[in-house]
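The values are calculated or read from the model by the stated rules, or taken from the named source; none is laboratory data. Please read all numbers here as calculations on a predicted model, not as lab measurements. Glycine also receives a Cβ, built like all others from the backbone with ideal geometry; neighbour counts cover every protein chain displayed. Keep in mind that these areas ignore ligands, DNA and RNA; they rest on the heavy atoms of the full protein, side chains included. Shrake-Rupley method; radii C 1.70, N 1.55, O 1.52, S 1.80 Å.
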Amino acid sequence: WQGGWVAGSVGCYLSATPLVSGLEVSAGWGFLNTEFRNGTDAFTDAVLEGNRTPFTLNLTDNVAAQYRSENSFFGRLEVIEFGNTFLNDLNTVEREAFALAHLRLGYEYEDYGFSAFVNNLFDTEYATQIFELSTGTVGTFGALRTFGVQVRAKF
């Protein structure tokens, strides 16, 4: 591959503490526009000008709500959205947009804490890599719903 690319991005992050004591809400948003200015594909000689660069999400956003009680219990729910992206220079392999939700409940006090969590709460299936081969399309997938417990102590 030879050529150049151009990128433009916009983003913002907001955090608020509503009138409920211990509650914090945050949100973020980002937009990235990248495309090839020129160049050709190394294998097919296809012109890349105007194609989006691979592995660059066009949109990301997130929203989270976290509550901490006066007696050190807490809960957090966050949702992260990943916009669509192309997984090759030719823009023939596209990963659709998807969202992941994560939940954590626990207790923290001074130098110790424990929590239980669920990542990918709704068991969303999503690809992390996809390749087109002469024998077909292959890929790898992200982690499905994951449960866990975390214990921490500071000495």
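Summary table below
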| quantity | calculated |
| --- | --- |
| Considering residues of the stretch 40-63 that are touching a residue at least 40 places away in the same chain (Cβ under 8 Å) and open to solvent by less than 50 Å² (accessible area, probe 1.4 Å) only, the residue farthest from Ala116 (Cα to Cα) | Ala46 |
| Of residues in the stretch 6-28 being at pLDDT below 90 and under 17 Å from the mean Cα position of the chain (by Cα), the one most open to solvent (accessible area, probe 1.4 Å) | Tyr13 |
| Any hit, the stretch 78-90, residues being on the phi < 0 side of the Ramachandran plot and touching a His at 6+ places or on another chain (Cβ under 6 Å) | yes |
| One residue from Glu35, Glu81 being open to solvent by 40 Å² or more (accessible area, probe 1.4 Å) and under 23 Å from Gly139 (Cβ atoms) | Glu81 |
| Residue count, the stretch 59-76 (criterion: part of a loop (DSSP other than H, G, I, E, B) and in contact with a strand residue (DSSP E or B) (Cβ under 6 Å, 6 or more places away or on another chain)) | 1 |
| Pairs with Cβ under 8 Å, 6+ apart, first in the stretch 89-100 and free of Cβ contacts under 8 Å to residues at least 12 places away in the same chain, second assigned to a loop (DSSP other than H, G, I, E, B) and open to solvent by less than 40 Å² (accessible area, probe 1.4 Å) | Glu94/Asn84; Glu94/Leu87 |
| Hits in the stretch 97-133 - residues which are open to solvent by 80 Å² or more (accessible area, probe 1.4 Å) and among the hydrophobic types (A, V, I, L, M, F, W, C) | Leu105, Phe114, Phe122, Phe131, Leu133 |
| Filter pass, Asp89 being in contact with a Leu (Cβ under 8 Å, 6 or more places away or on another chain) and at pLDDT below 95 | yes |
| Filter result for Phe147 (free of Cβ contacts under 8 Å to residues at least 60 places away in the same chain, part of a strand (DSSP E or B) and surrounded by 12 or more Cβ atoms within 10 Å (Cβ to Cβ)) | no |
